[in-house]
Amino acid sequence: MTSSGTNPQGRPDVPEGAGSAAWELLLPAVSAPARTRGRSLQAALREAVRSGRLVPGTRLPSSRDLAADLGVSRGLVTEAYEQLTAEGYLRSGRGAGTWVGGAVRAAHPRARDLAPRNPATLADFVAGTPDLSLFPRTAWATAHRGVLAELPHQDLGYPDPRGLPRLRAALAELLTRRRGVVADPERIVVVSGVAQATTLLGFALHARGLPTVGAEDPGSPQHDALYAAAGVTTVPVPLDEDGISLADLRDSGVRAVVMTPSHQFPTGIAYSARRRAELLDWARSADGFLLEDDYDGDFRYDRAPVGALQGLDPDRVAYAGSVSKSLAPGLRLGWLLVPQALADEVVERKRTMDLGHPTIDQALFARFVERGDYDRQLRRCQRAYRERRDALVSALEEHLPGTKVSGIAAGLHVIAELPHRYGPQKALLARLAAAGVLVRPLTDYAHARAEPDGTEGGVRLVLGYAHLSPTRIRDGVRLMAEAARD
């Protein structure tokens, strides 16, 4: 209604549009009976200032404009302005208009940040976060500009709930080449990360009459809540040296099991070829499914990549992955390769859940993959994470001699088993926390089974390193050793 400039206090003008919703609050007041309309208008305007809907420094419309908008006489608005100016709610100056004053200290709405954050510490070894500074901002921005220039208008409409055909084709080529999957673009669903893929699979399993799903123990703590959201209960199944225990899986009564066979989280073992074959035989005989979470399948350092289990039987294995470790979890971008028997239910659930993934993000990532930028990013990350893995192993050898380290050939964390002299576990964790060192023991990832407390054997810690520089890794291990010896 008015142009922007500076207010009577010399501060930049807050655009009237910022308070436009507040004018709507005045409409009920002007519908009051004529004899009380003036008081009602004053009360509504006063409350808008007091509640923070009209913040200090907001320029109000002229009395003529506001009267026209509300359909009342100009005198009614002028009287309200004068009354609230006298009370200190408003300020006015000759030729400068009317403004919300600063006398009222309204409780401004506060936008809280509920994103997961670890407390401030001197050393944070909690696994699960990549180095976000490695995000390829320049290449991503270039791809973004290219997509905006070339994206057809019709692609800005509601997409195929499975994802843009261009991205599904690019993912099929990428995953076949890098992870050895059988990737039919028609069975790829673009999702907002493995978390959504897990929930979609849970709905599909529940619809087929499978109310329970097995889960590795120890394993990812997120699976329980994600499957529960779909009405499916997780049943913990212990591991042995070859992977998830086949005997315990048979005894559990489940017909589907979620697993991380290429690099088990958190123990770091790779399922043996024999166990993989046994699990596929079990799934076929039980008319069940294996749910493969390939959470860090692109990061291998000292061994050849272990191909995805899905490549052996795409009709019995659902395969999920994402860019959370290779690019950034905040992109909320992943993929799900669905067995044909679950495809229709998964796609329909995806449609009703969010009507499909954002098309610009999909086109951007498709271009990023097609032009080789994603492969370059993976190579960059692998070099950086190998260096950090080596720094962590070296620092443990130097400062905590006798520590046994496992799971180092792949992934973004290791298992460090400290000698028994540093136990018991509860006391050690307390000393580390007091020293500002944040770690999680392997027992934090256990479901049902009792784990040792460190009184008889070593304490096993899950140490993430991807988000730390080599210098911070060495300093953190030194602090850990000093606290462990106290």
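Listed values, structure above:
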{"quantity": "Directionally averaged shadow of the range 182-253, computed from the convex hull of its alpha-carbon atoms, nm²", "calculated": "5.9"}
{"quantity": "Extension reserve of the D155-A34 stretch, reckoned as 0.36 nm per residue once the Cα distance is removed", "calculated": "38.2 nm"}
{"quantity": "Dmax and Rg, reported as Rg then Dmax, of the range 99-181 (C-alpha, Å)", "calculated": "22.2, 67"}
{"quantity": "Accessible area expressed per residue, the chain, with surrounding protein chains retained (probe 1.4 Å, Å²)", "calculated": "46"}
{"quantity": "Under the Debye formula (equal points on every Cα, no solvent term), log10 I(q)/I(0) of the chain at q = 0.06 Å⁻¹", "calculated": "-0.42"}
{"quantity": "S394 versus A430: modelled label distance in nm, points set 7 Å from Cα along the beta carbon direction", "calculated": "3.6"}
{"quantity": "Separation of alpha-carbon centers, the range 352-393 and the range 109-168, rounded to whole Å", "calculated": "10"}
{"quantity": "For the range 422-436, 3J(HN,Hα) per residue [Karplus equation, 6.51 cos²θ - 1.76 cosθ + 1.60, θ = phi - 60°, Hz, x = Gly/Pro]", "calculated": "8, x, x, 4, 4, 5, 5, 4, 5, 5, 5, 4, 5, 8, x"}
{"quantity": "For the range 233-247, Karplus couplings with θ = phi - 60° (6.51, -1.76, 1.60), whole Hz, Gly/Pro x", "calculated": "9, 8, 10, x, 10, x, 9, 10, 5, 9, x, 5, 5, 5, 5"}
{"quantity": "Built amide H within the under 5 Å cut-off of L54, gap 5+", "calculated": "V49"}
{"quantity": "Anchor K350: aspartates and glutamates whose Cα lies under 16 Å away (excluding residues fewer than 8 positions away in-chain)", "calculated": "D160, E186"}
{"quantity": "3J(HN,Hα) from dihedral phi, the range 257-270, Karplus parametrisation 6.51/-1.76/1.60, rounded to Hz, x for glycine, proline", "calculated": "8, 9, 8, 10, x, 6, 7, 4, 9, x, 5, x, 6, 9"}
{"quantity": "Bins of 10 Å from zero: percent of alpha-carbon pairs in the range 45-84", "calculated": "29, 54, 17"}
{"quantity": "Label-point separation, R371 to H144 (7 Å along Cα→Cβ), nm", "calculated": "1.3"}
{"quantity": "Heavy-atom accessible surface of the range 110-195: percent carbon and sulfur, 1.4 Å", "calculated": "56"}
{"quantity": "Amide H contacts of L461 (H built 1.01 Å from N, under 5 Å, at least 5 apart or other chain)", "calculated": "A416, E417, L418, L442"}
{"quantity": "Taking N as its residue count, the alpha carbon Rg of the range 196-327 over 2.2 N^0.38 Å", "calculated": "0.98"}
{"quantity": "Length added when fully stretched, E82-A111, from 0.36 nm per residue minus Cα-Cα", "calculated": "7.1 nm"}
{"quantity": "Amide H contacts of V235 (H built 1.01 Å from N, under 5 Å, at least 5 apart or other chain)", "calculated": "V213, G214, A215"}
{"quantity": "Computed FRET value (nearest 0.05) for R383 with R177, which takes r as the C-beta separation and R₀ as 22 Å", "calculated": "0.65"}
{"quantity": "Share of carbon and sulfur in the accessible heavy-atom surface of the range 308-349 [1.4 Å probe, %]", "calculated": "46"}
{"quantity": "Cα→Cβ-extended label distance, 7 Å offset, between S92 and T233, nm", "calculated": "6.9"}
{"quantity": "Range of Cα positions in the range 277-427 per principal axis (Å), largest first", "calculated": "55, 43, 33"}
{"quantity": "Extended-chain gain in nm, criterion 0.36 nm per residue less alpha-carbon gap, E348 and E24", "calculated": "112.7 nm"}
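The values are calculated or read from the model by the stated rules, or taken from the named source; none is laboratory data. As the structure is a prediction and not an experimental result, all values here were calculated from the model. Virtual Cβ from ideal backbone geometry, glycine too; neighbours counted across all protein chains shown. Heads up: the accessible areas ignore ligands, DNA and RNA and are worked out on the full protein's heavy atoms, side chains in. Shrake-Rupley method; radii C 1.70, N 1.55, O 1.52, S 1.80 Å.
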